Amino acid sequence: MSTATDTHTRSHYNAARLRSHTWDQLKLAAMDLDEGRGTPQEVEAILKDLHTIELYWAYPGRETVQQLRDMLRSKEHHGLHLAVNHVVRMLSSGSFRSDTAAMLDPRSGRNELLTEEAEKPRPNYFEVLFVDDIDDVEEAALKQKLKKVRDKADEFVYDTVVVRTVQDALIALLFNHNIQAVVVRFGVPFPSTNHKGVLREFTRAIDALDPGAIGRANTGPYLGRMTRWFRPEVDRYYVTDTPVDGLKDTTLATFKRIFYRTEDLTELHLTLLRGTMEKYETPFFTALKDYSRRPMGVFHAMPISRGNSVFKSRWIQDFGEFYGRNLFLAETSATTGGLDSLLQPTGPLKKAQELAARAFGSQHTFFATNGTSTTNKIVVQALVEPGDIVLIDRDCHKSHHYGMVLSGAYPVYLHSYPLEKYSMYGAVPLSHIREQLFKLRKGGRLDKVKMLLLTNSTFDGVVYNVERVMEEVLAIKPDIVFLWDEAWWAFARFSYVLRQRTAMHVAQKLARKYRTPEYRAEYAAHIKGLKKGEEPRMPDPDKVRIRVFATQSTHKTLTSLRQGSMIHIWDEDFVKKSEASFHEAYMTHTSTSANYQILASMDVGRRQVEFEGFELVEKAIELGLLLRRTIRENPRLNKWFDIITIGDLIPADYRQSGLDGYYRRDKGWNEIEKAWATDEFAVDPTKINLFTGKTGIDGDTFKNKFLMDKHQIQINKTSRNSVLFMTNIGTTRGSLAYLTKVLLHIADELEARNAGFEHDDKRAHLARIRALTEEIPPLPDFSSFHRSFQGQPGVPGGDLRSAYFLAYDEKRCRHVKLDAALTEMKQGGELVSASFVIPYPPGFPVLVPGQVINKEIIDFLIAIDVKEIHGYRPELGLRVFTDAALGRQRTTTAMGGMRPASLPARKSARKKK
Ligand SMILES: Cc1ncc(COP(=O)(O)O)c(C=O)c1O
């Protein structure tokens with residue numbers, strides 16, 4: 001049977017929320033007690049939980065909870081009520097970060113001795129975690145000494161949290177997002193008693209760790225490694241007695257600095273501040289601010305610079321007022337500002353990119369100011385030569401398809417599993433990728449395979465098991481390059497659960513793993529254990545190269561002005577093989593007039609995630625889960641709307657953990673960690689797909705007419721019968737409450753609408769529901785490239801570029817309406833698309849140039865009732881190649897005649913000769 005505490009803890013996704021909720025409960029209980037309604041027992045029970053929870057926080061901390069307990073015992077009920085109110089106010093307003101005195105004495109809200117300091121707003125506040133097996137007296141002395149070494153001129157102020165065991169340290173790191181540095185002392189014991197009781201729902205990730213038989217002497221380095229795993233952005237310091245030559249290399253690599261017990265605390269204090277400053281600095285933003293403050297005469301082609309053309313104008317003053325002067329003061333160009341050049345950075349911009357590489361875990365990071373639409377093309381062009389084969393998910397962003405055209409790569413389109421009920425695609429099963437690679441190997445084309453390109457997460461939030469994909473693909477093709485389109489996934493790095501499925505994390509992990517003797521032994525055993533005909537699933541350590549690229553629309557999920565995008569690289573062969581071509585591709589696509597405001601915003605966005613990424617991403621996840629639960633549990637909402645669950649988005653075969661939803665009333669939050677560690681696919685918790693089919697309203701109408709026009713709620717994506725909500729680092733509980741209110745309002749409108757239906761209306765309405773829920777157009781797979789454009793007959797891969805350019809001559813193309821196309825095909829005609837045809841939604845090409853058109857594709861185009869289909873004009877029909885063009889292409893390409901000179905003659909063509 002579940003107890004009240006169980007229900008209480010289960011209703012929170014994370015411990016930070018449990019904590020604030022528990023304080024709120026204490027506030028109510030203290031008020032009741034003060035006003036004669038409550039009992040001391042109730043207050044004591046809550047204080048007991050808070051005594052456990054507050055071990056991990058500097059403010060208000062355990063000492064305050066103890067003071068409150070003392071007040072309860074001495075029956076100071078009114079004082080207790082006031083003190084609790086004060087603490088709750090400090091916590092909820094965040095003012096404990098800026099008012100030292102007020103936070104120190106909960107009884108009075110003032111501490112006379114520190115009023116002078118209190119008046120000075122605390123600059124940037126953080127907390128430092130000390131892990132040391134000391135007693136209370138030693139703890140007080142440590143805190144006192146650290147206070148003494150502070151200086152008024154310090155740029156940052158920190159408070160300390162002291163815990164005495166490794167497990168407590170891990171709990172603190174998971175719960176307390178204010179912690180920015182951890183100081184581990186040598187030889188702390190391992191187990192804590194606090195991972196049971198009120199916190200047990202939140203320590204699963206820690207309980208699941210298997211520290212093995214680590215002796216007490218090794219707990220420090222172990223904790224360093226675990227800190228890196230849970231919170232890589234937290235600075236790690238080690239205090240030990242072991243002489244330098246006795247420390248392992250891994251220990252030296254795990255910690256930022258090693259201290260000896262005898263050393264002065266001032267040194268530690270300065271190091272803590274320096275470490276924080278290294279994250280705080282924003283070289284490019286700072287340089288841009290400095291530049292904008294300098295007096296300047298502009299004789300460059302930039303009249304807007306310094307607001308000159310705006311503020312002197314009689315007609316566009318309002319524009320200047322709207323944006324403010326700084327926007328224009330910061331308008332500059334590399335050639336005038338002396339700042340740095342995006343095309344060849346050597347100063348602050350180079351530094352900003354290096355800091356981003358540190359934050360995002362890459363070897364190299366490059367900024368771009370025109371979106372992932374461009375960075376995708378840069379990476380493809382940099383790595384792929386004409387005639388190379390790229391395995392690519394067909395429902396990827398259109399920039400990749402254009403990248404194929406630009407580079408002259410032969411795409412092998414991969415099929416994502418369909419989710420017909422929602423007119424969506426899932427993601428590409430690993431078995432399908434391997435199968436395509438085996439076909440290519442059989443056809444003698446494996447050496448041409450250059451890249452695997454996948455979208456992670458997908459627009460709808462399906463997330464790959466990046467590690468498994470890379471391992472099993474490298475087992476077949478050990479030098480393949482991975483391009484992970486992480487347009488929607490930049491934020492994932494700052495959650496330890498989601499990070500496991502990011503490109504950079506896995507690249508780094510695998511690069512390290514494949515060089516170890518343990519891996520060699522494991523690989524040898526794996527090969528030995530293979531049955532006859534069985535394919536290896538582990539890469540050969542002597543051949544494997546880790547070459548991983550990720551493109552991220554920073555602006556989609558983190559703080560960045562629109563179009564801010566980053567390319568992250570972990571490539572063991574970058575310098576040797578790709579640096580020069582990367583540079584050329586970067587030059588090809590990058591403007592010589594890059595927008596400096598966008599670049600500065602990425603620099604600042606990087607600083608933000610290094611300090612607050614963990615907290616904000618946790619919150620975005622929590623709000624995503626909360627929205628799911630609210631809709632599922634509210635009968636007024638679930639009558640009309642269904643949350644599309646994990647089970648709906650991922651077929652059972654790809655969910656080895658069996659997890660089918662994030663929340664169950666009887667169990668609380670499900671074991672996300674397990675599913676994210678094991679399953680072939682997972683669902684991004686910040687993407688919430690809502691099924692609107694039961695309302696009889698299609699996704700597009702619901703988005704535009706109901707959410708946007710009436711309630712100014714913006715969403716990004718729809719399908720025929722669904723809309724997608726996203727929570728992000730800017731989402732607040734207030735905005736979630738507003739969305740819930742709006743959905744309830746819409747539910748009431750739908751009630752009223754249905755009540756007013758007369759017979760015919762009702763029939764029409766039921767037909768609409770049927771159309772949205774039952775008469776589902778089957779999603780077409782990629783058919784095939786026409787034989788004229790096949791890389792090699794019978795082997796996957798097509799020459800998209802030749803087809804694309806063949807269509808430049810209007811004489812080689814004609815139009816055919818959808819009905820006529822069906823008739824032509826029935827009569828044995830072969831139709832081949834001359835254009836990309838991209839319906840919005842779903843937003844990926846159902847046809848690419850050179851692709852054979854089949855009945856399923858036409859049926860789909862007829863059935864989807866969307867207004868926007870790029871590359872298709874209803875009054876003309878589909879653009880297809882004439883028979884003559886295809887005939888000509890067949891002969892000419894076979895002889896290499898019409899193919900661009902850069903394209904190598906195909907093997908098949910050579911054979912024919
Ligand atoms: C998967 C994917 N990749 C790339 C892009 C393009 O990104 P951007 O808008 O930054 O140009 C998008 C845009 O929606 C996308 O969904």
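Structure summary
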{"quantity": "For the range 348-444, average projected area of the Cα convex hull in nm²", "calculated": "8.6"}
{"quantity": "Principal axis dimensions, the range 686-744 - Cα atoms, whole angstrom, descending", "calculated": "30, 22, 16"}
{"quantity": "Distance in nm between pseudo-label sites at R204 and D245 (7 Å out along the Cβ direction from Cα)", "calculated": "5.0"}
{"quantity": "Whether the range 672-782 is rounded, prolate or oblate, judged on the alpha carbon gyration tensor where a/c under 1.5 counts as rounded", "calculated": "oblate"}
{"quantity": "Using alpha carbons only: equivalent-ellipsoid semi-axes of the range 317-389, gyration tensor based, whole Å", "calculated": "31, 17, 13"}
{"quantity": "For the chain: accessible area per residue (Å², 1.4 Å)", "calculated": "43"}
{"quantity": "For the range 393-465, fraction of C-alpha pairs farther apart than 20 Å, in %", "calculated": "36"}
{"quantity": "Taking only Cα atoms of the range 470-616, radius of gyration then Dmax in Å", "calculated": "18.5, 60"}
{"quantity": "Estimated vicinal HN-Hα couplings, Hz - the range 387-396 in sequence order (Karplus 6.51, -1.76, 1.60; Gly, Pro = x)", "calculated": "x, 5, 9, 10, 7, 8, 6, 5, 8, 7"}
{"quantity": "The range 132-209: projected area of the alpha-carbon convex hull, averaged over directions, in nm²", "calculated": "6.2"}
{"quantity": "In Å², nearest 10: area of S601 left accessible to a 1.4 Å probe", "calculated": "20"}
{"quantity": "Alpha-carbon Rg/Rh ratio, for the chain, with Rh computed the Kirkwood way", "calculated": "0.99"}
{"quantity": "Solvent exposure, largest accessible area first (probe 1.4 Å, DNA, RNA and ligands not counted), of D819, D781", "calculated": "D819, D781"}
{"quantity": "Per-pair calculated FRET efficiency, R0 = 45 Å: M587 and R293 via Cβ, rounded to 0.05", "calculated": "0.90"}
{"quantity": "Residues listed by number, the range 533-568, amide nitrogen under 20 Å from M708 label point at 7 Å toward C-beta", "calculated": "556-557, 562-563"}
{"quantity": "Estimated D of the range 775-819 in µm² per second, where Rh is the Kirkwood radius over Cα pairs and Stokes-Einstein applies at 20 °C, 1.002 mPa s", "calculated": "165"}
{"quantity": "Cα Rg, Dmax (largest Cα-Cα span) when computed across the range 377-519, Å", "calculated": "15.1, 48"}
{"quantity": "Largest-first ordering by accessible area, 1.4 Å probe, given options K147, K528, K477, K705", "calculated": "K528, K705, K147, K477"}
{"quantity": "Rg [Å, one decimal], Dmax [Å, integer] - the range 751-805, C-alpha atoms", "calculated": "23.0, 62"}
{"quantity": "Simple spin-label estimate for E321 and R225 in nanometres, 7 Å along Cα-Cβ", "calculated": "6.3"}
{"quantity": "Estimated translational D of the range 123-257 in µm²/s (Stokes, Kirkwood radius over Cα pairs; 37 °C; 0.692 mPa s)", "calculated": "210"}
{"quantity": "Set of lysines near K543 by C-alpha distance (under 23 Å), chain-local residues within fewer than 8 positions excluded", "calculated": "K439, K442, K448, K450, K477, K509, K513, K528, K531, K532, K576, K577"}
{"quantity": "Residues of the range 588-622 with amide N under 20 Å of the 7 Å Cα→Cβ point at L343", "calculated": "588-600"}
{"quantity": "In range of the label at T823: residues from the range 843-880 whose backbone nitrogen is under 15 Å from the point 7 Å along Cα→Cβ", "calculated": "877-878"}
{"quantity": "Degrees, to the nearest 10: 61-73 long Cα axis against longest axis of the chain", "calculated": "50"}
{"quantity": "By accessible area with a 1.4 Å probe, ligands and nucleic acids excluded, highest first: order of S362, S783, S92", "calculated": "S92, S783, S362"}
{"quantity": "Over the range 580-686 - Rg/Rh using Cα atoms and the Kirkwood inverse-distance radius", "calculated": "1.16"}
{"quantity": "Rounded accessible area of R629 (nearest 10 Å², 1.4 Å probe)", "calculated": "50"}
{"quantity": "Heavy atoms of H51: accessible area, 1.4 Å probe, square angstrom to 10", "calculated": "40"}
{"quantity": "Helix-only mean residue ellipticity at 222 nm for the chain, each DSSP H run of n ≥ 4 adding -39500 (n - 2.57), per residue, nearest 500", "calculated": "-13500 deg cm²/dmol"}
{"quantity": "Principal axis box of the range 823-891, alpha-carbon based, largest edge first, Å", "calculated": "37, 22, 20"}
{"quantity": "Carbon + sulfur, % of accessible area of the range 822-870 - ligands and nucleic acids excluded, 1.4 Å", "calculated": "54"}
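The values are calculated or read from the model by the stated rules, or taken from the named source; none is laboratory data. Being a predicted model, the structure only gives us computed values, none of them experimental. Neighbour counts run over all protein chains shown; Cβ positions are idealised from the backbone, glycine included. These area figures cover heavy atoms from the full protein model, side chains too; ligands, DNA and RNA do not enter into them. Shrake-Rupley method; radii C 1.70, N 1.55, O 1.52, S 1.80 Å.
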